[in-house]
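The values are calculated or read from the model by the stated rules, or taken from the named source; none is laboratory data. A quick note: this is a predicted structure, and the numbers were derived from the prediction, not measured. Heads up, the Cβs are rebuilt from the backbone with ideal geometry, glycines too, and the neighbour counts pull from every protein chain shown.
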Amino acid sequence: MALCVGVIGMMSFAAQARDADDGWRWSASLYGWFPSIDGTTRFPSGAGSPSIEVDADDVLDALKFTFMGALEARKGPWGVFTDLVYTDLGGSKSNSRDFRVGQGGLPAGVDGNASLDIKTWIWTLAGSYVLGSTPQNTTQALFGTRMIDMSQTLDWSFNGDIGSLELPGRGGRAEVDVTNWDAIVGLKGVATLSADRRWVLPYYVDVGTGESELTWQALAAVGYSFDWGTTTLGWRYLDYDLKSDAKIKSINFSGLFVGLTFQW
């Protein structure tokens, strides 16, 4: 479990729920996100040796550092936003059998120790256009690009009789990385839940592909609007399914968030 605190302007919750004018409108949010991280990576163990496969959720347990920043601007029906996320997560596990070497698991009597560090940059740049707006709901189409730059470092060692594993030694270090650009399309908006338009239901979804096999993101929240902005409580999920031959096979972030959104 990790705590992410930062600034994001992807949703513009209250700005969509209120009447827009022809001038520029800006929005940003400060929030805490508590995601769990999952994914699978194949680490090389040495020339001619089988790879070591690790699931991130079996090892990760701590957030070292994170930064999130975003800004959105809107004028009339058109909008643009940029979003930057950086996370540094790490963890370790001892005397575990949650590893796969080559095509199989560990032989009987063998367990392992692992320390995993994952550093990730995620950058989104997209435009948006209002598809429809009523007192009860505003929906925008979005279109743009998302980049993920991720590096993973695994320190590993095995205990027991490893003769059948064909590894160059009992331990080592391996590093893998990936940088992918993908085109994304999606929808975002907000529905009002009360006659005074104070209670709102923000939502966001996108899907894309390119250098990744598939990436998608979804968010839903309940919020309350004030004159200065909106407070929100919701759930956010971000998923990457990378190419079948990639060493980093998949990664996803999901969890509860709470936030404050400001408009000016």
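Some observations on this one:
- In the set (1) buried (at least 17 other Cβ atoms within 10 Å of the Cβ); (2) closer than 18 Å to Thr120 by Cβ, the condition left unmet by Ser225 is number (2).
- Every condition in (1) of a type in the set (A, V, I, L, M); (2) modelled with pLDDT of 95 or more; (3) over 17 Å from the mean Cα position of the chain (by Cα); (4) within 22 Å of Asp38 (Cα to Cα) holds for Ala246 except the one numbered (2).
- Qualifying residue in region 167-182 (condition: at pLDDT below 90, over 21 Å from the mean Cα position of the chain (by Cα), part of a strand (DSSP E or B) and within 24 Å of Phe253 (Cα to Cα)): yes
- Residue, nearest to the chain's Cα centre (by Cα), within region 221-231, restricted to residues that are at pLDDT below 95 and of a type outside the set (Ser, Thr, Tyr): Ala221
- In the set (1) surrounded by 14 or more Cβ atoms within 10 Å (Cβ to Cβ); (2) in contact with a Lys or Arg (Cβ under 9 Å, 6 or more places away or on another chain); (3) under 29 Å from Ile37 (Cα atoms); (4) modelled with pLDDT of 90 or more, Leu154 fails one condition alone, (4).
- Region 76-111 - residue that is at pLDDT below 80, assigned to a loop (DSSP other than H, G, I, E, B) and on the phi > 0 side of the Ramachandran plot and, of those, surrounded by the most Cβ atoms within 10 Å (Cβ to Cβ): Gly102
- Region 218-246, subset in contact with a Phe, Trp or Tyr (Cβ under 7 Å, 6 or more places away or on another chain) and touching a residue at least 40 places away in the same chain (Cβ under 8 Å), residue nearest to Ser151 (Cα to Cα): Leu238
- Within region 198-217, tally of residues that are touching a residue at least 60 places away in the same chain (Cβ under 8 Å), among the hydroxyl-bearing types (Ser, Thr, Tyr) and either more than 11 Å from Asp241 (Cα to Cα) or assigned to a strand (DSSP E or B) (or both): 2
- A residue that is surrounded by 15 or more Cβ atoms within 10 Å (Cβ to Cβ), at pLDDT 85 or above, acidic (Asp, Glu) and touching a strand residue (DSSP E or B) at 6+ places or on another chain (Cβ under 7 Å) occurs somewhere in region 202-212.
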